[in-house]
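The values are calculated or read from the model by the stated rules, or taken from the named source; none is laboratory data. All of these numbers come straight from a predicted model, not from anything done at the bench. Note: ideal-geometry Cβ built from the backbone for every residue, glycine included; neighbour counts use all protein chains shown. Just the protein is used for accessible areas: all its heavy atoms, side chains included, with ligands, DNA and RNA removed. Shrake-Rupley method; radii C 1.70, N 1.55, O 1.52, S 1.80 Å.
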Amino acid sequence: MTFAEKRLWSPPPIEVGGRHIKRYHVTGDPDGIDPAVEKAAYAILPELLPDPDGTPPATFVVLHRGGDDGAYLNAYNWVWDNVLHFGAAAAGQPVLDCPDSDPTHFVRLDRSWIGCVWELPPIQHERDAWVRHMLAPDRPDLDAYLTDSLPDGTTGDRS
């Protein structure tokens, strides 16, 4: 298998379960994520969110449509002021204990994996954006953080 970068999109933030959710979509399909897969992924998202702890309620997610039947949702939640809490779900990937190959049938994962090579690029950007807008200023600016996303492009060549 030859490695190839995938497309990355940054749809507008949404609110789920009282948290502000920044979104990244990753796929090799130039048309983006199928709306049925997106709807199913965001339906399970509340199960991946932690309880409030006083940290501004912000999360970023990576929704990745694999090259086979698999679809993956990684939720990175800011907690304890400067720590990422992780939750994941997958669909269509029986090797990950998904019940079938349906890419809209998401189940919560109980693994310590934090993402594959196509899902990792947002992490560095989000770390820097959290510091820039929430930790470094005299007053945290959640609105500025929520508008500071990676631009659409590919998953690689971002240096």
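Within segment 142-158, residues that are in contact (Cβ under 8 Å) with a residue 60 or more places away in the chain reach partners that are open to solvent by less than 20 Å² (accessible area, probe 1.4 Å) and of a type in the set (Ser, Thr, Tyr) with beta carbons closer than 7 Å, at six or more positions or on different chains, in the pairs Leu150/Tyr24. Gly54 - would you say it is small (Gly, Ala, Ser) and closer than 17 Å to Val117 by Cα? Judged against the criteria, Gly54 is not a match.
Among the residues in segment 50-69, are any open to solvent by 70 Å² or more (accessible area, probe 1.4 Å), touching a strand residue (DSSP E or B) at 6+ places or on another chain (Cβ under 7 Å), of a type outside the set (A, V, I, L, M) and free of Cβ contacts under 8 Å to residues at least 40 places away in the same chain? Yes, there is a match, as at least one residue in segment 50-69 is open to solvent by 70 Å² or more (accessible area, probe 1.4 Å), touching a strand residue (DSSP E or B) at 6+ places or on another chain (Cβ under 7 Å), of a type outside the set (A, V, I, L, M) and free of Cβ contacts under 8 Å to residues at least 40 places away in the same chain.
When segment 101-127 is filtered for residues that are closer than 14 Å to Thr59 by Cα, free of Cβ contacts under 8 Å to residues at least 60 places away in the same chain and open to solvent by less than 70 Å² (accessible area, probe 1.4 Å), the ones remaining, listed by number, are Ile123, His125.
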